[in-house]
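Some notes on the structure that comes next.
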Amino acid sequence: MRPDKEQLSSGAMTIPPLSVKGLTVAYDGRPAIENVNWDAPLTGLLAIVGPNGAGKSTLLKAILGLVPAAEGEIRIHGKPIEDARGDLAYVPQRSSVDWDFPATALDVVAMGLYRRIGWMKPVSRANREQARVHLDRVGLSEFANRQIGALSGGQQQRVFVARALAQKAKTYLLDEPFAGVDATTEKVMIEVFRSLRDAGSLVVCVHHDLSSVPEIFDHVLLLNRRVIASAPVKTAFTPANVARTYGLPVAG
Amino acid sequence: MPEALSASQDFISVLLLQAGYNTVVVMLGAAALGIAAGTVGVFAMLRRRALVADAVAHATLPGVAIGFLVAVSFGLPGRSLPFLLTGAAATAVLAAISIQLVSTRTRLTEDAAIASVLATFFAVGIVLLTVIQTLKTGGQAGLDIYLLGATAGMLRHEAITLSVFSLIAIGFVTLLFKELTLIAFDFEFARAHGFPVRALDLTVLALVLAVVVTGIRVVGLVLIVALIVIPPAAARFWSNHAGRMTVISGAFGAMSAYFGAAISAVYPDTPTGAVIVLVAFSVLLLSAVLGPAMGLIPRMLGARKLRGIA
Amino acid sequence: MTEFMQIDLPAMLTGTLAALVCAQIGNFLILTRQSMLGDAMGHVVLPGIVIAYVLTGLAATWVMLGGAFAAAMVSALLIEFLRRVARVEPSAALGAVFTAMFALGVVLLEQTGVARTSFDVHHILFGNVEGAIWPAATGLASLFDPVALKELPAQIGRLLFGLVVVSAVIALFFKELRVISFDPVFAATIGLSPRLFGTLIVSLAALAAVVSLEAVGVILLVAMMVCPPATARMLTDDLATQMRISIAAALTSGIFGYLIAAFLPSLLGFDLSLGAAGTIALLGGLIQLAAMIAGPKRRPARAV
C-alpha cells in the first residue's frame, strides 16, 4: 500500500480532534451561534465558558450532528461526523431519560459498547465484564445491579461518564458534568478526566463555575455566540477576556 | 337519480328545520352539544386532556350497561335515559380517578395509565353487554346507539334533556372563561397569583366528563372525543386569540354536530357519530388550508409578501 | 374432544396469539410513552382494510396488510401535518386523526355493505374471537394432519405470521431498541437513528394491530398492548425479564380468559354467555391491577 502523500507531509498527529469553520446554527431562524471558527487542542482538559444562551451546548450538539448547521463545516479528526461517531463520546446535561426505565447501572454502561458489539448481536457476558471495569473506574462497582433511578444524582452522573468511557472514544464531550454533583463525584470525575488526558485524549466540558476553571482545566474556549478566545487557561482566561465574554465593561 | 334528488331535497328541508318538530329538537340539541364540546375542548386540549377524554368516554360503557341492568331490575324499560346517564357518569368519574391514581402512585407514565384504564373499563363494558344480550328482556338493541350514536328514534324529552345539559356546560365555560383561559395558557403564573388552580383544573375535567356523558347518546362513546379535540384544532387556524378561538371552536362544534345530525336524519342507516366526526374533520382540513391565522394558503401568500419586502 | 378441537381450540389460539403479538411490541410502546398508539392503530387501519377489501374483493392477508399500512401512512402524515404545520398539541392531533379515520371506516363499512358480509363494527370494537372455528378437526390427531391444518381459520395464519415477524425483529434488535427507548439522544451519538427505530416500533405496532384487529377487535388489541407490559413493569427492573413476564401475563390472559368466558357461566349454572375478547382483556386488566397493588417495583423512582 502506498503511503498517502498528504498524511506524510502534514502528519496525522497534527490534525485537530475538533475543527469548526464558519459554523452558524439557528433555531427557528434565530442564530444560537454565528460564524464560529475554532480548532481544539490535541489533548487536554478544555472548558467551554460563556453566559447563558451563548450557544455552548449548541456547539457540542452541532459537533455531534444532533442539530443541523445552517452554515459552516465541522471536522472530527479530519472526518465528517458520519465517519467519526466512534471517535466521540458524549455526556448530555442531566440526561432527560426516564429514570424508571428497566435498566441497571451496568446495563447503561454496557450501552457504551453497543457500537463495537455491532448490529443484531446480543450483549455477551464478556461485554458485561468490560462494562463492569468502567463502572469500577467511577467507583460504582457495588451498584452495578442497582436500577438507574435508585441511584443518587451524582451517582447517575458517574454512570453516564462510565458509559462514555466504555465507548473508548478519542474525544469526550460533556455538557456541564459538574453541575449540582456531590464532592465525591466531582473528585472522581476530575481523576478520570485527567487519566484520559494523560492517555492522549481531549476532554471538553461545558462549564459554568468560573472560579474552578484554572484549577480543573488546561484550556479554555470563551464563547458568546462567537469565539472570544481559545487558548491555554494561563493565556486566555484573563479578566479582560472573561469580561468581554460576559458583556461586562472591561476594566482599564 | 330521482332518488338522489329527493335525498338532497330532504337534506335541505332538514337543514332548514322543516322536517318535523322532533327532528328540529334533535338537531338543535346536537348543535347545543357541539357548542359545549367545542368550547370545553379548547381548554381540554390546552390542559392536555385529549386522551383522558377518550379514556373516560370509553369508560362510560360499563356504566351504561349497569344502568340498563339496574333499570331492568326495577322493572323499568332498560333504556331509560336517567339510569343510563347516571351509570355512565359514575363509571366515567371512576375512570378519571383511576387514571390519576395509577399515574401518580405507580411508576407507569400517564399514557400507560390512560390506555390501561381505557382498556379495562371498556372490557368490563363489553363483558356486561354480552351478558345483557343473553338476558330475556327487551330493549337490548337500544344500547347499541351509545357506541356510535344515533339521532333516529330520539324522543323529544331526551333531546330536551341533552340540550339543557349542554347549555349548563356552556354557562360554566362562559362564567369561568377568564380563569380557565389563564390556567390553560400559563398554569404557573395562575398558581403564583393564588388562583385555585387545582379546582380550576378539576373544573375542566368535570366539564369534559359532562360533555362526554351528554354526548354519547348522539355521537357515541367511541367517537365523542373527536367533538372535543377537532373543533379547537380547526379553530386554531383562524385565530391566535384565546377568546376568539374559543368562540370559533364552539361554532365549528355546533356546525359539525348540526350538519352531521341532518345527514344522518336523511340516511338513517349511517351512525350519527361517524358522520358528525367526518364533517368536523372536513372543517379541520378546510381550516388548515384556508384559515387566516396559520392556514397553508394564507401562509404561502404571507411568505411571498415577506420576500417581496426583503 | 372433537367439539373442543373444532370450537374452543381455534378461538383460544386466536385470542392467545393476538395477546402474544400485542404484548411484545407493547413493552416498547409503554417505555417510549406511546401507549395510546396501539389504540390509535386499531382505529386508523379500519378504513384501509375496508377499502382494500372492497377494491379487491379479497380478504387475503397481504391485501389487508397493504390497505392497513396505507391507512397508517395517511394517518401518520395527517398527524405530522397537524403537529408541525398547525402546532396542534400532539395528543389532540392523534385524537383528531384516529377518530376521523375510524369514522370513515365505519361509514365505509355501512355504505359498501361489507358490514353485512364478513365483519361489522361490533366485531371491530368487541372482537369476534368465537368466530374462529375449525370444522375440519376430528380430534387431537388433526393437529398433525396437514389436510386438516390447512383448514385452520385464516386469522390464525395471519397471527402466526405477525408473531414470527414481531418476535424476530425484537430479538434481533433488542439492544438497539433498548438504547433507543432509554436514551434517544445517546443513541443518535452512536449512530443509531431515533427516527428509524421510532418508525420500526410504530410499524411493528401497526403490524400487530392489522393481524389482530379483525380477529380480536380493538379492545383486546389495546388491552394486550398495555396491560401485560404494565404488569411486568411492576415486577422487575430488567428489560429482558420484563419481556418474559409480559409474555407470561399475555399467555395467562389469553388461555384463562377464554376458558372463563367459555365455561365459567355454565359451570356456575347461569344461562349466560361472556364475550371472549372482553373477558381476556378484562383478565389482563385485573392481573395488572394485582401487580399495581402488590408488585415489588410498583413505585416510581424518587424524583432526582
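The mean count of C-beta atoms from other chains within 10 Å of the C-beta of residues in B:265-273, rounded to a whole number, is 2.
Between A:GLU191 and C:ARG299, the modelled label-to-label distance comes to 3.2 nm, taking each label 7 Å out from Cα in the direction of the beta carbon. When the alpha carbon gyration tensor of the range B:1-82 is reduced to an equivalent ellipsoid, the three semi-axes, largest first, read 32, 24, 12 Å.
Put a plus charge on the Cβ of each Lys and Arg, a minus charge on the Cβ of each Asp and Glu, and nothing anywhere else: the dipole of the range C:2-215 about its Cα centre is then about 760 debye. Divide the volume of the convex hull around the Cα atoms of chain C by the residue count and you get 158 Å³ per residue. Descending by average beta-carbon neighbour count within 10 Å, the peptides B:260-272, B:29-41, C:92-104 line up as B:29-41, C:92-104, B:260-272, the highest first. Sorting C:MET73, B:MET294 by the number of Cβ atoms found within 10 Å of their own Cβ, with the fewest placed first, yields C:MET73, B:MET294.
Full extension of the chain segment joining B:ARG191 with B:ARG48 gains 49.7 nm, where the gain is 0.36 nm per residue of separation less the Cα-Cα distance.
Modelled spin-label separation between A:LEU66 and B:LEU155, with each label point placed 7 Å from Cα along the Cα-to-Cβ direction: 6.3 nm.
With a 10 Å cut-off around each Cβ of A:108-114, the average count of Cβ atoms from other chains is 4. In the calculated pair distance distribution of the range C:70-202, what percentage of Cα-Cα distances lie above 20 Å? Everything past 20 Å amounts to 69 percent.
Descending by average beta-carbon neighbour count within 10 Å, the peptides C:291-301, C:212-222 line up as C:212-222, C:291-301, the highest first. According to the Cα-based calculation, Rg over Rh for chain A is 0.98, with Rh computed by the Kirkwood formula.
Between amide H atoms placed 1.01 Å from N, distances below 5 Å from C:ASN128 occur with C:VAL216, C:GLY217, all of them 5 or more places distant or on a separate chain. Computed about the Cα centre, the dipole magnitude for the protein assembly as shown is approximately 2040 debye when only Lys and Arg (+1) and Asp and Glu (-1) carry charge, each at its Cβ.
The Rg/Rh ratio of the protein assembly as shown, with Rg taken over Cα atoms and Rh as the Kirkwood radius over Cα pairs, comes to 1.02.
Which of rounded, prolate, oblate describes the range C:149-271, given a ≥ b ≥ c as roots of the alpha-carbon gyration tensor eigenvalues and a/c under 1.5 marking rounded, otherwise prolate only if a/b is larger than b/c? Taking the square roots of the gyration eigenvalues as a ≥ b ≥ c, the range C:149-271 is prolate. Computed from the alpha carbon positions, the gyration tensor of the range C:1-137 leads to an equivalent ellipsoid with semi-axes of 30, 20, 12 Å, biggest first.
Comparing mean-square fluctuations of B:VAL277, B:VAL127, B:VAL52 from a GNM of chain B with C-alpha springs under 10 Å, the top value falls on B:VAL127.
In terms of distances greater than 25 angstrom between alpha carbons, the cross-link table entries A:LYS79/C:LYS175; A:LYS56/A:LYS121; A:LYS21/A:LYS79; A:LYS79/A:LYS170; A:LYS168/C:LYS297; A:LYS56/A:LYS170 yield A:LYS79/C:LYS175; A:LYS56/A:LYS121; A:LYS168/C:LYS297.
Think of chain B as having a plus end and a minus end, set by charges on the Cβ of Lys, Arg, Asp and Glu; of B:GLY78, B:GLY194, B:VAL56, B:GLY194 sits farthest toward the positive end of this dipole. Shielding of peptide A:60-66 by partners, expressed as the average count of other chain Cβ atoms within 10 Å per residue Cβ, is 2. Going 7 Å from the Cα of B:LEU296 in the Cα-to-Cβ direction, what parts of the range C:42-76 have a backbone nitrogen less than 18 Å from that spot? Output list for this probe position: C:73-76.
For the protein assembly as shown, the 222 nm mean residue ellipticity estimated from helices alone, with every DSSP H stretch of n ≥ 4 adding -39500 (n - 2.57) and the total spread over all residues, rounds to -20500 deg cm²/dmol. Return the inverse of the average 1/r over all pairs of distinct C-alpha atoms in the range B:155-254, which is the Kirkwood hydrodynamic radius, in Å to one decimal. When all Cα pairs of the range B:155-254 are included, the Kirkwood radius is 14.6 Å. Extents of the range A:73-134, taken as max minus min of Cα coordinates on every principal axis and listed largest first, are 39, 28, 23 Å. In terms of its Cα atoms, the range A:172-222 spans 28, 27, 18 Å along the principal axes, sorted from long to short. Within chain B, helices built from complete DSSP H runs that reach 24 Å or longer along their own axis (Cα positions) and carry a mean Kyte-Doolittle hydropathy of 1.0 or higher are B:21-46, B:81-105, B:110-134, B:156-175, B:197-215, B:242-266, B:272-290. With both labels modelled 7 Å from their Cα along Cα-to-Cβ, the A:ALA243 to A:ASN35 distance reads 2.5 nm. Compute the relative contact order of the range B:2-309 as a whole-number percentage, counting only Cα pairs closer than 8 Å that sit 6 or more residues apart in sequence. With pairs under 8 Å counted, the relative contact order is 30 percent.
Ellipsoid fit via the Cα gyration tensor, the range A:77-184: semi-axes of 22, 18, 12 Å, each the root of five times an eigenvalue, largest first.
Using the Kirkwood formula over every pair of different C-alpha atoms, what hydrodynamic radius in Å results for chain B?
20.3
Read-outs: derived from the displayed coordinates by stated rules, not from any lab. Keep in mind the model is a prediction, meaning the values are calculated, not measured. When we count neighbours, we look across all protein chains shown, and the Cβ atoms used for this are built from the backbone with ideal geometry, even at glycine.
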